[in-house]
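J.: Structure below; questions to follow.
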Amino acid sequence: MMVMAIPYAANIGLGPLTLADIFTILLIISAGILIWVATRAKHNMDDSSQDRYRHKMERFEKYWILVAIVSIIILNIALVGTTPQTVTANTLNSLGVSNLQTQCPYAAPGHYAAACNNVIQQDVNELLPLQNQGKIKIVVVYAGQWYWDFYTVASNGTLMAAKNLTVSPNVPIVFLLTSVDVNHDFGLYSPDGTLEFQTQVSPDYVSVFVYQFSHVGPRLVRCLEYCGPGHWTMMAEIYIE
Ligand SMILES: [Cu+2]
């Protein structure tokens, strides 16, 4: 089987830990500059030196804003092509898939699942030939207060409830996710507690997310959007083997 590393940000050394490190370092630098500015601000300056001081600080402020803007631009450029949305779109495009539906017909609360069933089945039918050729694996996820229901797809397109969902590494998994009630967020953690990816799961909408696992082992799914008092119990496991 061909091993292809999907270039997620997390896979190119910009994972959550590194980003936390960068954030901490920037925080310390910012605090240092704040303290430096505060200790140099004199209370009892005469008018002319106060004017000069104000001008100096105004100039400094402009440079500081420029640093922030340039940093944001550089970070955005560095992440081009590696955001999950781009990776999902590129992977599907390279497989010739362009017709996936995401918007379900309008439904009243309590009827979201029924409204999205047809959309999910259409998407499944569109993806089915690829799964039957072994090029992808389809996983359908229904989220609700407070559970995750997983389904795999048989070769004829029938959804089958998966009690212990097991998928293979090194095959793009196409997740089709929807919610039967409120907004949830599908967060997937590797065994060492690193967040591998997360994607929004909304009622009346089908989220499409492509991910390829590179390591075997169990994964923990947690809800990352507060969805009521049982939110913290909303956990499930997926096995990669
Ligand atoms: Cu939730």
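J.: Using the Kirkwood radius over C-alpha pairs as Rh, can you work out the diffusion coefficient of segment 98-240 via Stokes-Einstein at 10 °C, viscosity 1.306 mPa s, in µm² per second?
T.: 104 µm²/s
J.: Taking the chain as the reference, fit the longest principal axis to its C-alpha atoms, fit the long axis of helix 84-94 to the helix C-alpha atoms, and give the angle between the two in degrees, 0 to 90, nearest 10.
T.: In the chain, helix 84-94 runs at an angle near 40 degrees to the longest axis.
J.: Now for a different question. For the chain, count all C-alpha to C-alpha pairs, find those more than 24 Å apart, and express that count as a whole percent of the total.
T.: For the chain, the fraction of Cα-Cα distances above 24 Å is 56 percent.
J.: Does anyone have the angle between helix 16-40 and the longest principal axis of the chain? Alpha-carbon axes, 0 to 90°, nearest 10?
T.: Approximately 20 degrees, to the nearest ten.
J.: Name the cysteines of the chain that stand alone by the Cβ rule: no other cysteine Cβ under 4.7 angstrom.
T.: If one checks each Cβ against the other cysteines of the chain, Cys223, Cys227 turn up with nothing under 4.7 Å.
Any read-out appearing in this document is the output of simple, stated calculations on the displayed coordinates, not a laboratory observation. Keep in mind the model is a prediction, meaning the values are calculated, not measured. Note: ideal-geometry Cβ built from the backbone for every residue, glycine included; neighbour counts use all protein chains shown.
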